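The values are calculated or read from the model by the stated rules, or taken from the named source; none is laboratory data. Because the structure is a prediction, the values reported are computed rather than measured. Note that each Cβ is placed from the backbone with ideal geometry, even for glycine, and that neighbours are counted across all protein chains shown. Please note that ligands, DNA and RNA were not included when accessible areas were found on the heavy atoms of the full protein model with its side chains. Shrake-Rupley method; radii C 1.70, N 1.55, O 1.52, S 1.80 Å.
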Amino acid sequence: QVQLEESGGGWVHVGGSLRLSCAASGSDSSVNTMGWYRQAPGKQREMVATVTISGVTNYSDFVKGRFTISRDSAKNTVFLQMDSLKLEDTAVYYCAAGRSTFRGSYYYAMNYWGEGTLVTVSS
C-alpha cells in the first residue's frame, strides 16, 4: 500500500507561481509512475503531469511549457512547479501513484490517490 500526502496549494494571482509537493510512504512494487491530476468544478478529473521511476515525464498539452514535474527519489517526493498560472488552472490537484505503459500513447492505471490540495488562481 502507498499513502500520498499533498501540500503547497493556495491562492495566487494570474501569472504567479506555486509549487506542490507529494510525499509518498509505504510501498507497492507494481508502482512505476507518480503524477498529478486535477479536477475543476463541474469538470472531470484530468491528467496534468507524470513521471516514471526512470525519470521519463509526460505533460498534458495545456500545461506544457508552464508546469514542471520532478521527483526526489531519496525522499519519495514528487513536485509540481506551476508557473504562469491562468484562471483555468484553478482546481483541486491530486497526487497519484500507479502504473503506466506506453504503446504509442501513455496508458495509466493509478491505484493510489492523495486527498487533494486546492489551487485558486484569481485575476
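Can you name the residue in the stretch 92-123 that is of a type in the set (D, E, K, R) and not in a strand (DSSP E or B) and, of all such residues, is farthest from G9 (Cα to Cα)? Looking at the filtered set, the residue picked out is R103.
For L80, state whether it is under 22 Å from H13 (Cα atoms), exposed (fewer than 13 other Cβ atoms within 10 Å of the Cβ), touching a Ser or Thr at 6+ places or on another chain (Cβ under 8 Å) and not β-branched (V, I, T).
Working: under 22 Å from H13 (Cα atoms): yes; exposed (fewer than 13 other Cβ atoms within 10 Å of the Cβ): no; touching a Ser or Thr at 6+ places or on another chain (Cβ under 8 Å): yes; not β-branched (V, I, T): yes.
So L80 fails the test.
If only residues of the stretch 53-77 that are exposed (fewer than 13 other Cβ atoms within 10 Å of the Cβ) and among the hydroxyl-bearing types (S, T, Y) are counted, the one that is nearest to S105 (Cα to Cα) is S54. Of the strands (runs of 3 or more DSSP E) lying entirely inside the stretch 1-81, those containing at least 2 residues that are in contact (Cβ under 8 Å) with a residue 24 or more places away in the chain and within 14 Å of the chain's Cα centre (by Cα) span 2-7, 18-26, 33-39, 46-52, 67-72.
Inside the stretch 104-117, can you point out the residues that are touching a residue at least 60 places away in the same chain (Cβ under 8 Å) and surrounded by 12 or more Cβ atoms within 10 Å (Cβ to Cβ)?
First pass over the stretch 104-117, keeping only residues touching a residue at least 60 places away in the same chain (Cβ under 8 Å): 108, 110-117.
Passing the criteria: Y108, M110, N111, Y112, W113, G114, G116, T117.
Return the only residue of A97, A74, A23 being in contact with a Phe, Trp or Tyr (Cβ under 6 Å, 6 or more places away or on another chain), of a type outside the set (S, T, N, Q) and more than 19 Å from T120 (Cβ to Cβ). Answer to the selection: A97. Taken over the stretch 83-103, the residue count meeting the criterion of being of a type in the set (A, V, I, L, M, F, W, C), buried (at least 20 other Cβ atoms within 10 Å of the Cβ) and touching a residue at least 60 places away in the same chain (Cβ under 8 Å) is 4. Just so you know, in the stretch 1-30 the residues that are among the acidic types (D, E) and open to solvent by less than 60 Å² (accessible area, probe 1.4 Å) include one that is farthest from T68 (Cα to Cα), and it is D28. Residue selection: I69 satisfies the criterion of being under 22 Å from G9 (Cβ atoms) and of a type in the set (A, V, I, L, M, F, W, C). Answer yes or no: is there a residue in the stretch 31-44 that is small (G, A, S), open to solvent by less than 50 Å² (accessible area, probe 1.4 Å) and at pLDDT below 95. Taking every residue of the stretch 31-44 in turn, none turns out to be small (G, A, S), open to solvent by less than 50 Å² (accessible area, probe 1.4 Å) and at pLDDT below 95.
Restrict the check to the stretch 64-74 and report whether at least one residue is of a type in the set (A, V, I, L, M, F, W, C), modelled with pLDDT of 95 or more and in contact with a Gly (Cβ under 6 Å, 6 or more places away or on another chain). Break it down into steps so the answer makes sense when it comes.
First, pick out the residues of the stretch 64-74 that are of a type in the set (A, V, I, L, M, F, W, C): 67, 69, 74.
When the remaining residues are screened for being modelled with pLDDT of 95 or more, the result is 67, 69.
Next, only the ones that are in contact with a Gly (Cβ under 6 Å, 6 or more places away or on another chain) stay: none.
No; the residues of the stretch 64-74 include none that is of a type in the set (A, V, I, L, M, F, W, C), modelled with pLDDT of 95 or more and in contact with a Gly (Cβ under 6 Å, 6 or more places away or on another chain).
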